[in-house]
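Below is one structure, written out as C-alpha cells; the observations come after it.
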Amino acid sequence: MSQTEVVIPSAASSERIEALPDLVRYVQDAPKHHRFPLRELGDGRVELRVGTETLLLVDVRRLPIADPSPIIDRALTGQQVVVLVGREAELRGVEALRERGLLVTAVLPAQVERLIVDLRNAAELSSLRRVADERARTADRYRYEVSELIEISRAIGSERDVRKLLSVILEKCRQITGADAGSLYILESEDRHADQSQKKLRFILSQNDSLQIDFREFSLPVDAKSIVGASVLARRPINIRDLYRLEKDTNPWGFRHDKSFDQKTGYQTRSILTVPMFNHSDEVIGVVQLINKKGDPSARLKSDEDFGVLVVPFDLRSEELARSLAYQAGISLENALLYDEMRRVFEGFVRASVTAIESRDPTTSGHSTRVAELTVGLAATVDGIHSGEFADIHFSKDDLVEIEYAALLHDFGKVGVREHVLVKGKKLYEHQRELVEWRFDFVRKMIELEGTRAKLDLVLAQSRDEAQVRFGELDAQTNDRLRELDDYLGFVLKANEPTVLAEGSFERLQEIANRIFPNPKGQPMPLLCAGEVEALKVPRGSLTDDERKEIESHVVHTYNFLKKIPWGRQFKDVPLIAGAHHEKLDGSGYPHGVRAEAIPLESRMMTIADIFDALTASDRPYKKAVPTDRALSIIESEVKSGKCDAALFKVFVEAGVFKRAFSQ
C-alpha cells in the first residue's frame, strides 16, 4: 500500500487516461500544483482526498457486479462515495446501483481535465450528501425530542398524585437527557410569602440506574453553599462538566463537592445539570438535579474507568430540553400541589361534616365511617371481578373517592331532624316518661289519701273499737288499688322499651288509658293521654309513624344539602348516591319509592353496608347488637323479598367484605 498526492493538471494538459492505473501513474509524474492525498489500497482500489471528502476509486474490471462487495455496500449505505472507473461497456451493469447510494461512474478513456472535474463533482456530491444526512439526523432527533416532550407533557399533566408526579418528572428528565441518576428537591415554607432565604429545600426523591440507593428525606437551607441552593438563588440552570475537576478548574459558584457519598458507595458524581422548576407566577418551587450524562443510555456505571470514559458533560441541547421539561414540570407540580391541597380541604370538610352529624347523635358514632369502609370495600371488590355480571363494572380512583364521600355523608341530612327525635331511645321521650311517672305518683297519693280519709270518716261515725274492726278491710282495699296501679306502671315502663310488644298489649294499654282519676283541680284525668298511648303502641322500635317520617326525611335533607356543594365533574354524583341509600329494589324504600333501574349501583352497595352496620353496631341505645350471622341472615331475607341486590350481597358475603366493619 503506497501513498502520494493527486495533482490538478494545467488547462493545457490533454493527456488521456485509459484506466485507473494510468491515473495513478499520471499523478506520480505530474507537476505539483495543487496536491490531494492519494493512497493505493490494492485490488484496483484507490482512496482520493478532495477537500474534506475522501473518494474511493474502484477499477470496475476488478469488481464482481453480480455480487456487490463491501465496497459497494459502503456506497449503498451512504458511508462513502464510490467512483467506479472503467469503459462505457464495462459500466453498463452498475447503472441500476447508481440510484441507490453514493455511487458514481467515471467513463474512460477521458481527458485528465474531464476526469478531475468528475472527481470534484463526486466530492461535492459527498459533501452535499453528508450535510443532507446530518440535517436528516438532526430533524429526526428533533422530531423524536418533540414527540418525547409531548408524551412527557401528557404524562406529567395527567398525574395528580404528588409523589407519583415527582417520580415521573425525574424519570422523564433523566430519560430525555441521558442522565444515569438524579434527585428532586421541593421548596418548602410555612409562609407562602416568605422570601427564598427563609425557605428550605427538601430532598424528596432519588433515582439511579447504576446503583440501588436507600435514601431518606432531609432539608437544606436555600443558600449558595449547595449546588441546588445556588441554582434557586440564581434562578437558572447550573451545568458542571466534571465535578471531580471543579477544584482544579475555575469554580465560579464557590461551593465544594462533598465526596463522602461517593467514597461510601463507590459511585462518582461527575457531570451535573441542576435546573430550577418555576410555577405559573414565575416562582421557583423545586429543583431537578441530573447526574452523569451517558453517551450510551443503556450503559451502567460500575468501575472508575466507566465514570471516566462513559460519562460525558451535559451539552447545550440537554440543558435546553431539561429547562423546557422543568418548566412544564413546575406548572404540573404546582397544579398537583394545589389539587392535593384542595383534596385535603375537601377531605377535611367531609370529615368535619361527619363529626357534626355524630355530635348531634353520639349513639351512632362511627357509623358513617364504617359504612364508608364497607361500601368502598365492596366497590373495590366488584372492580376486581373479571367475569360474570360485574365483568364490565370498573371504578377508578376518583370513583372510589366519590363513593367514600357519599357514604361518609349519607346521613348528613340528620342535621335537619329535631334532636329529640333523632336521639329518641325509648318510645316515650324522657319528659313524657317523667310525666307519666309523676301522674302515677299523684294517683298513688290520691289512693292513699282516700284510704286515710275513709278511716277518719269511720272514726267520726263510729266508736273507736268499731272503727278499728273496719280498718283492716279499708287497708286491704287500698293496697289492692295500689298494687293494680303499680302493675299498670310496670306494664307501661315495659311497653316503653323499643322491643316487639307481646300479644294483647294494645288492649292492655287502652285499658290503662281508660282509667280516669281526678287531677289536683278535680277534673277527670286519664292515667295515659292519647299521645302517650300512640307512642307506647309502636309495635317495634321507638318511633311513631310521624317521627319515623321525620327521621326518613333526613335522606331528602342529605340530597338537598349535598346538591348545594360544587363537587365538580369528578364527584358530581355524590348527592345522587347518598340520597338513594334507603331506596329498595321493589320500590318499597324511601324517599321516592323508586325501583331497581333507577337506583345507582353505588347506592345499592351502600344499602347493604348501612343495614349491616345498623344491625351489628353495639352503640344503639334502643337495641342490642345483632350477631354477624344473624345480621347476614336478615339481609338475606331482604334479598329474597326483592329489596336488596342479590349479586352484590353474594360478593359482600363470599369476599368477606362485611369483616371490614370490625376493623375500624
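FYI, it's all coordinate maths here, none of it is from the lab. Keep in mind that what you see is a predicted model, and the values were worked out from it rather than measured. All Cβ positions, even for glycine, are placed from backbone atoms using ideal geometry, and neighbour counts span all protein chains on display.
Below are the figures for this structure:
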quantity	calculated
Rounded to the nearest 20 debye, dipole of segment 159-339 from Cβ charges on Lys, Arg, Asp, Glu	120
Magnitude of the charge dipole, the chain, Cβ model with Lys/Arg +1 and Asp/Glu -1, debye to 20	1100
The chain: relative contact order in percent, alpha carbon pairs under 8 Å with at least 6 residues between	9
For the chain, diffusion coefficient by Stokes-Einstein and Kirkwood Rh (Cα), 37 °C, 0.692 mPa s, µm²/s	93
Placed amide H near Gly286: partners under 5 Å, 5+ positions off or other chain	Leu187, Met277
Residue (of Pro221, Ala476, Val500) at the positive-pole extreme of the chain, dipole from beta-carbon charges	Pro221
Charge context of Val657, other residues only, Cβ under 15 angstrom, K/R +1, D/E -1	-4
MRE, 222 nm, helices only [DSSP H, n ≥ 4, -39500 (n - 2.57), over the chain, to nearest 500]	-16000 deg cm²/dmol
Segment 345-393 versus segment 576-645: alpha-carbon centroid distance in Å	14
DSSP beta bridges in the chain [antiparallel fraction, %, rounded to 5]	85
Packing-based order for 651-661, 543-553, using average beta carbon neighbours within 10 Å, highest first	651-661, 543-553
Counted charge near Lys302, where neighbours are those whose Cβ lies closer than 15 Å (Asp, Glu -1; Lys, Arg +1)	-4
Label-point separation, Leu220 to Leu493 (7 Å along Cα→Cβ), nm	7.6
Options Ala89, Thr544, Gly589, ranked by Cα towards positive dipole end of the chain, top entry (Cβ charges)	Ala89
Around Asp573: net Lys/Arg minus Asp/Glu count, Cβ-Cβ under 13 Å	-2
Fewest-first sequence of Thr381, Thr265 by Cβ atoms within 10 Å of each Cβ	Thr265, Thr381
